[in-house]
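The values are calculated or read from the model by the stated rules, or taken from the named source; none is laboratory data. Given the structure is predicted, the values throughout are model-derived calculations rather than measurements. Positions of Cβ are backbone-derived with ideal geometry, glycine not excepted, and every protein chain shown enters the neighbour counts. These area figures cover heavy atoms from the full protein model, side chains too; ligands, DNA and RNA do not enter into them. Shrake-Rupley method; radii C 1.70, N 1.55, O 1.52, S 1.80 Å.
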Amino acid sequence: MSALFFVAAPLLLALFGISILSLVVFTPKHLLLTIKELILKDKRPPAAGLMLNLLIHFNRLFDYLTSVAKKHSTFRLIASSYSEIFTADPVNVEYILKTNFSNYGKGEYNWYLMRDLFGDGIFAVDGDKWRHQRKLASYEFSTKVLRDFSTAVFRANSAKLTSKISEAAAGKHTIELQEMLMKSTLDSIFKVGFGADLNALSDSNEFGNQFTKAFDDSNFIVFWRYVDPFWKIKRFLNIGLEASLKKNIKVIDDFVYGLIRYKREQLKNISGDQKGKEDILSRFLVESEKDPENMTDKYLRDITLNFIIAGKDTTANTLTWFFYMLCKIPVVQEKVALEVREATEAENIISADEFVELMTEEALNKMHYLHAAITETLRLYPAVPVDAKCPIEEDILPDGFVVKKDDGVNYMPYAMGRMTYIWGDDAEEFRPERWLLDGVFQQESPFKFTAFQAGPRICLGKEFAYRQMKMLGAVLVNFFKFRLVDESKEATYRTMFTLHMDQGLHLYAYPRL
Ligand code: HEM
């Protein structure tokens, strides 16, 4: 241990120095680049500071970026040899995500930071691997079978959650809703995406709980790499957060490989045409039988994990902020409750199991106010608050600013939702009515409302997510009135890839009926 310390300490100090220098001062390479920029009169986005600012403001990172975006719709932060560009301009966003899509991928840089956790899954890759996964998953999302099956699963899980909350309400206990929602959406993605009951993999709930905890922590640690100049050395020495990440990834891997083994066994009992048609994982497993060299178990792990992440956190986090806003503005909560009763035509006091049967597609489609309230939540609390891209070639954005090949380019759904130049003077107000015209929900441009990304890489699960969120939202509001345990406290986020409420959402639930 002490020998390791004596070897590692000077190395760490040297790296510390170099890294801080690279973040703080202008190296000769950077000076040359700046002089070149001045001579060539490149129109670069205004420099709002150094990359070090991201580290300084890490805990309130998305609010820091919002405050800068209020002054400059496109700006950059400077590192030693490149700039990280941030934009909140819908015209630029359309250009990056659609018009010149082929020039803006995840890139090597993002993949390198994310790969220990996300591997070669759809969130982290470009090119053929992305196209392959997108194509196979698109089939699955477009089928009526998936639609009907997922609706049945959402119904069952909503009734299950209602019964859990009823127990807490009866005992006058507080609930931590974010954790409950995380479990519920994990159950749903397991059943729909992988055709398996989470409990089927293990007798105890602990299995899913450990996975959820390990994933949350990894999500935070991998995001932290973007601002930590020492992460590579920490990984090499297996110390600090990188050592925890390694342990967490082991828990995640055990969980996902366990699922793949279980699914392979299940698949052995299915033959003929039906094989590979039931769920996303079966489809990928059948592909791997045809092409075992490319579709290794590691690749299957990456694909599977990325789908769990896609389906679980985004939806649960959005619902968490939705219930938080319902508590902050009780009149919105009452309007949702009224709409749900009218749309389902539920007259008598009925059980949750009976009530979820009234949640038909037709009833859900009638709930325009609920749809608007969820969308308003996503406008102000987008599940993916900042999204990073890397340019392949030097380029000029529609606002005339030059993007260099080594720059990073980010669009900012969190900041965009708060810009008066996009949403008007009341941009920071939570007002579901802004989405309604004569009571009917109106779509916005996906380049202005960017919570689901846009263009060829637009979220594949958008419709699936709305169905699940409307179902859970409607059923819970129908049965309970929610109140914050601490009404004076403003909720905040834990900075990571997804907008996770820090410390969870602690509520009282009172029976409504
Ligand atoms: C409120 C819920 C959701 C939100 C806000 C959301 C948002 C997003 C965003 C912003 C991306 C782009 C991420 C990136 O490239 O960095 C994305 C991609 C994706 N989402 Fe969602 N998502 C939600 C729910 C879901 C669900 C429930 C599923 C699946 C069950 C899903 C499946 C996917 C997939 C597969 C991609 C990758 C698309 C690609 O790269 O081609 N999403 N989503």
Leu181 crowded, with 21+ Cβ neighbours inside 10 Å and modelled with pLDDT under 90: no
Complete set of residues in region 149-178 that are hydroxyl-bearing (Ser, Thr, Tyr) and open to solvent by 10 Å² or more (accessible area, probe 1.4 Å): Thr151, Ser163, Ser166, Thr174
Looking only at region 128-137, and only at residues there that are open to solvent by less than 90 Å² (accessible area, probe 1.4 Å) and more than 9 Å from the ligand (Cβ to nearest atom), the one that is modelled with the lowest pLDDT: Leu136
Positions within region 459-470 being open to solvent by 50 Å² or more (accessible area, probe 1.4 Å) and more than 7 Å from the ligand (Cβ to nearest atom), in sequence order: Glu463
Subset of region 469-512 [among the small types (Gly, Ala, Ser) and free of Cβ contacts under 8 Å to residues at least 24 places away in the same chain]: Ser488
Of all residues making up region 485-504, the number that are surrounded by fewer than 16 Cβ atoms within 10 Å (Cβ to Cβ), within 12 Å of Tyr324 (Cα to Cα) and out of contact with any Ser or Thr (no Cβ under 8 Å at 6 or more places or on another chain): 5
Subset of region 108-127 [free of Cβ contacts under 8 Å to residues at least 60 places away in the same chain, more than 12 Å from the ligand (Cβ to nearest atom) and surrounded by 17 or more Cβ atoms within 10 Å (Cβ to Cβ)]: none
Subset tally (residues that are within 20 Å of Tyr112 (Cβ to Cβ) and among the hydrophobic types (A, V, I, L, M, F, W, C)) for region 240-264: 5
Scope region 82-103; condition open to solvent by 40 Å² or more (accessible area, probe 1.4 Å) and farther than 15 Å from Asp387 by Cα; matching residues: Tyr82, Val91, Thr99, Ser102
Conditions (1) more than 16 Å from the ligand (Cβ to nearest atom); (2) at pLDDT below 95; (3) open to solvent by 10 Å² or more (accessible area, probe 1.4 Å); number of the one not met by Leu267: (3)
Unique match (being open to solvent by less than 40 Å² (accessible area, probe 1.4 Å), on the phi > 0 side of the Ramachandran plot and more than 16 Å from the ligand (Cβ to nearest atom)) among Gly424, Gly455: Gly424
Single unsatisfied condition, Glu140 versus (1) among the acidic types (Asp, Glu); (2) modelled with pLDDT of 90 or more; (3) within 13 Å of the ligand (Cβ to nearest atom); (4) crowded, with 20+ Cβ neighbours inside 10 Å: (2)
Some residue of region 379-394 being within 16 Å of the ligand (Cβ to nearest atom), in a helix (DSSP H, G or I) and touching a residue at least 60 places away in the same chain (Cβ under 8 Å): yes
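Each row is one residue, and each column tells you yes or no for (1) surrounded by fewer than 16 Cβ atoms within 10 Å (Cβ to Cβ); (2) outside any loop (DSSP other than H, G, I, E, B).
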{"position": "Glu293", "(1), (2)": "yes, no"}
{"position": "Arg301", "(1), (2)": "no, yes"}
{"position": "Asn317", "(1), (2)": "no, yes"}
{"position": "Met325", "(1), (2)": "no, yes"}
{"position": "Glu339", "(1), (2)": "no, yes"}
{"position": "Ala346", "(1), (2)": "no, no"}
{"position": "Val356", "(1), (2)": "no, yes"}
{"position": "Leu364", "(1), (2)": "no, yes"}
Count of residues meeting criterion [of a type in the set (Asp, Glu) and either touching a Ser or Thr at 6+ places or on another chain (Cβ under 7 Å) or at positive phi (or both)] in region 431-452: 1
Number of the exception - Glu376 against (1) open to solvent by less than 50 Å² (accessible area, probe 1.4 Å); (2) more than 16 Å from the ligand (Cβ to nearest atom); (3) free of Cβ contacts under 8 Å to residues at least 60 places away in the same chain; (4) more than 17 Å from Ala156 (Cα to Cα): (2)
Residue match in region 199-215 (condition: within 13 Å of the ligand (Cβ to nearest atom), of a type outside the set (Gly, Ala, Ser) and assigned to a helix (DSSP H, G or I)): no
